[in-house]
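The numbers here are math on the coordinates, done by the rules we state, and not lab data. Bear in mind the structure is a predicted one, so any value in this text is a computation, not a measurement. Glycine also receives a Cβ, built like all others from the backbone with ideal geometry; neighbour counts cover every protein chain displayed.
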Amino acid sequence: MNTNATRMLVDATIDALRRHSPFDRMEREALVFLAERARLGYFPKDSHIVTPEMGPVSTFYIIQRGKVLARQSGEINVTEYSSLTMGTGECFPIGSVMARRASTNTYVAIEDTFCYQLTADDFVQLMQMSQQFSRFCTQYIATLLNQSRRQLQVQFAQRAAEQQSMSSPLSSIVTKAPVSVGPEAPIRQVVESMVSGHIGSMVVVDDKQRPIGIFTQSDALKRILLPGLSLDRPISEVMSAHPHALSEHAHVYDAALAMAMHSVRHVLVVDGEGRLKGVVSERDLFTLQRVGLRQIRQAIEGAQDIAVLRQAGADVRQLALNMLAQGVGAEQLTQFISALNDTVTRRVIQLNLAVHDLYGIEWAWLSFGSEGRDEQTFSTDQDNGIVYLCPDIMNREELELRLLEFAQDVNRDLDAVGFPFCKGNIMASNPELCLTLEAWEEKFAKWVRVPEPQALLNASIFFDFRALYGATHLGDRLRMTLLKLVGSQSVFLRMMAANALSVLPPLGKIRDFVTDLNPEHPGCVDLKVYGARLFIDAARIFALATGLYNTNTVQRLRLAGQRMGMASDETAAIVEGFNFIQLLRLRHQHFENEHGRPGDNFINPDQLNELDRRILKESFRQARKLQQRLKLDYQV
Amino acid sequence: MKWMKKLFGGAPVLPSVSLPADQAAALAAWRKRPDEDFARPHFRTRYVVVDVEASGLNMRRDRLISIGAVAVSGGMIDPLDTFGVVLRQDEVSSHENILIHGIGGSAQQDGVEPVAALLRFLDFVGKAPLVAYHAEFDQAMIERAARDHLGTALELRWIDLAWVLPELFRERIDAQAQLDDWLGQFGIGNFLRHNAVADAYATAQLLQVALTRGAATGKESAQSFFDTEKARRWLRRAG
């Protein structure tokens with residue numbers, strides 16, 4: 001070794017590096033260390049420099065000259081998304097070499113390329129030596145995450161650009177002037193103008209142009225032709241009254257949601273005064289989405305077997321992913337997923353009713369937990385039960401057996417279509433959860449009167465029930481009973497509040513977040529247990545206290561907030577906090593799914609970008625505020 | 001000294017040089033170093049890329065002023081495995097010559113005593129195959145200096161990239177070309193033209209390219225590069 005030659009090359013390397021960030025602001029001493037230890041290697045065009053198959057990364061590369069393409073590996077997205085071309089002065093793979101794990105990207109030289117190479121040990125030492133370099137690396141990881149998220153959105157935006165975005169206002173897709181008639185118009189005239197104008201539906205409006213009904217082509221067959229109704233009768237006799245209407249400022253996904261929830265094919269668009277501005281049909285939305293709502297719903301409703309439903313279940317998830325990428329908020333998204341999952345569940349039930357004769361029995365299918373609250377995320381398992389009435393003339397045991405056999409098949413099929421069995425056996429096929437209305441009422445009463453820990457846990461799952469199919473009024477009756485029970489036992493809500501307060505938002509005194517609560521996931525926060533659930537538990541207590549029928553957390557917060565006299569901006573801030581946490585969970589589950597892992601709720605705050613981290617912190621503060629309110633209200 | 005006579009006995013044209021004992025021992029130690037196995041694949045071979053600066057371009061008359069050398073080991077350039085030396089001159093080279101390599105009069109006079117400089121160079125090289133562009137000149141200047149100052153022929157093997165590159169990259173330049181043409185082909189820069197170390201560094205990067213292409217086309221050892229060069233020279237003469 002000759003020190004003169006080395007010093008000369010080191011100086012030359014430093015001069016070259018100094019033209020690029022972060023080396024331009026790195027300390028001289030650290031630069032010398034880097035330049036002395038960086039060995040120069042050559043990679044011809046098209047050669048692979050780093051690939052995931054190479055295992056844990058032990059070398060850090062700085063491009064001296066040439067171009068390197070970084071491409072996200074994995075079978076799901078092999079398209080251009082999150083591919084990145086790097087040139088002179090850029091470094092890779094920062095994240096992998098820091099974590100000493102295999103790279104998730106493939107780095108290919110797309111030109112003849114020379115790279116300075118540093119061993120992982122020297123890299124670590126350099127980070128310790130240079131604050132600038134260390135900051136650069138950590139920030140880079142945050143930006144990369146951000147970047148890939150943005151690129152994800154770009155990818156979906158491109159797809160949507162051929163059509164239109166789900167988040168554009170309804171007024172943007174209503175192009176034709178609405179065709180409408182008064183309620184007195186004779187059927188003949190209406191049908192004639194529908195035929196001549198090639199219109200599928202006619203809106204019936206009052207004298208102020210406010211829609212009062214809708215009449216569609218398919219109605220003609222069922223309501224006029226078959227009953228042999230006179231064509232001179234007024235249209236108001238055959239129209240569907242109370243059509244679903246949305247403001248022209250509502251978003252396209254609101255219309256999609258309304259169609260999914262109410263199983264209608266048309267939604268009317270009205271202005272601020274309720275006057276008809278147009279009609280949005282499923283066909284209009286179909287042109288917006290390749291994996292269309294209409295397609296999915298038709299597939300679900302027309303499905304004759306489980307295989308078709310399984311595909312539909314996958315389509316629901318895909319559509320939800322698209323909506324996530326288009327920036328649809330968590331509130332709409334979770335409702336949307338729940339609504340379509342409901343449709344799938346209903347169809348599974350219908351298919352099984354063809355085999356199991358339950359005629360003459362009054363029963364309803366109940367959903368619990370997140371499904372009951374209409375806020376399902378991507379990863380969701382079954383939580384269901386059955387409520388039924390047993391008239392005196394029937395044998396209860398025999399009835400129960402029939403329902404259990406039916407429930408077993410439904411549970412099995414739901415598992416097959418993509419809702420895995422519940423690990424805690426919270427399923428309708430469990431005899432404990434296939435009960436008469438009286439038995440349910442008794443169960444609830446027991447939990448409310450003796451609020452021991454298990455009872456409180458049960459309450460947090462089962463009190464968010466919702467009747468999904470069958471005699472849904474049984475659900476209403478059960479809700480009424482529950483609210484009465486809770487009203488008469490003030491100690492119960494107090495115990496619920498104490499229970500809810502046993503988990504605190506993970507806000508650290510020194511660090512921003514407490515991330516060491518789960519030893520299996522160091523550095524991470526469980527956003528379900530220490531995030532969403534804080535809001536959900538408080539909202540449940542508020543809802544029970546104010547006699548609300550609603551199960552959805554956002555609705556509970558808004559409505560109960562109103563009844564309790566909370567300032568509306570205060571409620572809005574809490575709702576926003578909850579929605580943000582839900583959004584992070586959805587994103588994370590999406591990310592995990594993309595990488596072939598089951599979606600969990602463990603998020604590493606260090607990997608969030610600065611903005612997201614701040615919002616997350618604020619969201620936890622909102623949870624704390626909510627808890628302080630509980631503390632005050634219930635003196636615990 | 002009997003052993004020295006034995007050592008240099010076979011080369012009657014060599015001037016008789018008597019070295020001080022320690023330098024003679026250093027030279028003998030270098031001689032005893034085992035020969036390289038030239039059949040080894042490139043990635044297991046240490047090549048030493050050499051560039052020299054002289055007082056002019058006449059291989060017989062002009063004097064060696066400096067040597068720069070950069071090792072390419074396992075296909076990689078390690079900044080710690082490099083060499084540079086300026087040889088002390090009794091007579092400063094011409095003003096025009098100084099303008100080319102930038103080694104001024106006082107730097108030339110302050111250089112390392114030639115025997116020590118050459119011994120250091122040999123210690124750095126070992127028996128590694130040497131590489132240069134238009135290697136005849138570098139080889140001739142170093143061999144002549146060794147003869148004059150050490151009283152010995154070095155008998156090191158050289159690879160001339162000016163011959164090997166056109167064979168490896170026929171699609172680019174299938175003829176004799178200037179070093180700068182090849183550097184331009186691969187976008188290789190030179191941070192200090194006509195400085196022996198900087199030139200050797202640039203040429204070393206060219207060797208990295210050549211080794212990679214060679215390994216991919218069956219010319220995967222130093223020996224196959226010797227053969228390539230030989231065949232190409234013969235072809236040129238015949239054609």
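If the chain between A:Thr472 and A:Arg188 were fully stretched, how many nm would it gain, using 0.36 nm times the residue separation less the Cα-Cα distance?
98.4 nm
When only DSSP loop residues count, what GluC sites (Glu not before Pro) in region B:140-223 have their Cβ near at most 12 other Cβ atoms within 10 Å?
Taking region B:140-223 and a limit of 12 other Cβ atoms within 10 Å, the loop GluC sites (Glu not before Pro) found are B:Glu155, B:Glu171.
Using helices alone, I'd like the mean residue ellipticity at 222 nm for chain A: each DSSP H run of four-plus residues gives -39500 (n - 2.57), total over residue count, nearest 500.
-15500 deg cm²/dmol
Report the local net charge at B:Lys219: Lys and Arg +1, Asp and Glu -1, summed over other residues whose C-beta lies under 10 Å from its C-beta.
Within the 10 Å Cβ shell, the charges total -2.
Pull out the extension gain between A:Val32 and A:Ser568, defined as 0.36 nm times the separation in residues minus the alpha carbon to alpha carbon distance; nm, one decimal.
187.0 nm
What FRET efficiency would be calculated for the residue pair A:His262, A:Val450, taking the C-beta separation as r and a Förster radius of 35 Å, to the nearest 0.05?
After rounding to 0.05, the efficiency reads 0.30.
So, in nm, how far is label A:Lys625 from label A:Glu432 when the simple model puts each one 7 Å beyond its Cα toward the Cβ?
The answer from the label model is 3.9 nm.
Measure nothing fancy, just the Cα-based angle from helix A:330-353's long axis to the longest principal axis of chain A, in degrees from 0 to 90, nearest 10.
For helix A:330-353, the angle is close to 50 degrees.
Taking 0.36 nm per residue of sequence separation and subtracting the Cα-Cα distance, how much length would be gained by fully extending the chain between A:Asp415 and A:Ala354, in nm to one decimal?
Contour length minus the Cα-Cα distance gives 20.1 nm.
Along Cα→Cβ, 7 Å out, is where each label goes; now give me the distance between the ones at A:Ala314 and A:Glu53 in nm to one decimal.
In this crude spin-label approximation the distance works out to 2.6 nm.
Treat each spin label as a single point 7 Å out from the Cα along the C-beta direction, and report the A:His242 to A:Thr85 distance in nm.
Here the modelled spin labels are 6.0 nm apart.
For helix A:490-500, report the angle its Cα long axis makes with the longest principal axis of the Cα atoms of chain A; keep it between 0 and 90° and round to the nearest 10°.
20
For A:Ile94, A:Ile187, which order do you get if you count the other beta carbons within 10 Å of each Cβ and list the fewest first?
In increasing order of surrounding Cβ atoms, one gets A:Ile94, A:Ile187.
What is region A:304-443's relative contact order, in percent, from Cα pairs under 8 angstrom and six or more apart in sequence?
27
Please state the Cα pair-distance histogram of chain B with 10 angstrom bins from zero: what percent is in each bin?
Histogram of Cα-Cα distances, whole percents per bin: 7, 31, 35, 21, 5, 0.
Just rank A:Leu340, B:Leu179, fewest to most, by other beta-carbon atoms within 10 angstrom.
If I rank by nearby Cβ atoms, fewest first, I get B:Leu179, A:Leu340.
Please give me the summed charge of the neighbours of A:Ser47: other residues whose Cβ is under 12 Å from its Cβ, Lys and Arg +1, Asp and Glu -1.
With Lys, Arg at +1 and Asp, Glu at -1, the net is -1.
Which whole-number percent gives the relative contact order of region B:49-110, counting Cα pairs below 8 Å spaced six or more residues apart?
It rounds to 28 percent for region B:49-110.
Helix B:21-32 versus the longest principal axis of chain B: what is the Cα-based angle in degrees, 0 to 90, to the nearest 10?
The angle comes out near 30 degrees.
At R0 = 35 Å, how high is the FRET efficiency between B:Arg61 and B:Trp234 if r is their beta carbon distance? Nearest 0.05 is fine.
0.75
Order by neighbour count: A:Leu517, A:Leu468, fewest other Cβ atoms within 10 Å first, most last.
Listed from fewest to most nearby Cβ atoms, that is A:Leu517, A:Leu468.
Can you figure out the FRET efficiency of A:Thr104 with B:Glu91, using R₀ = 45 Å and their beta-carbon distance, to the nearest 0.05?
0.10
Hey, got the average number of other protein chain Cβ atoms within 10 angstrom for residues in A:34-42?
6
Give the residue from A:Val575, A:Val514, A:Leu608 lying farthest towards the positive end of the charge dipole for region A:489-636; charges sit on Cβ (+1 for Lys and Arg, -1 for Asp and Glu) and the dipole is referred to the Cα centre.
Highest projection toward the positive end goes to A:Val575.
If the limit is 22 Å between Cα atoms, which of A:Lys423/A:Lys446; A:Lys423/A:Lys631; A:Lys446/A:Lys631; A:Lys509/A:Lys617; A:Lys45/B:Lys230; B:Lys32/B:Lys219 go over it?
A:Lys423/A:Lys446; A:Lys423/A:Lys631; A:Lys446/A:Lys631; A:Lys45/B:Lys230; B:Lys32/B:Lys219, as the Cα separations exceed 22 Å there.
When Lys and Arg each count +1 and Asp and Glu each count -1, what net charge do the other residues less than 10 Å away from B:Arg40, Cβ to Cβ, add up to?
The answer is -1.
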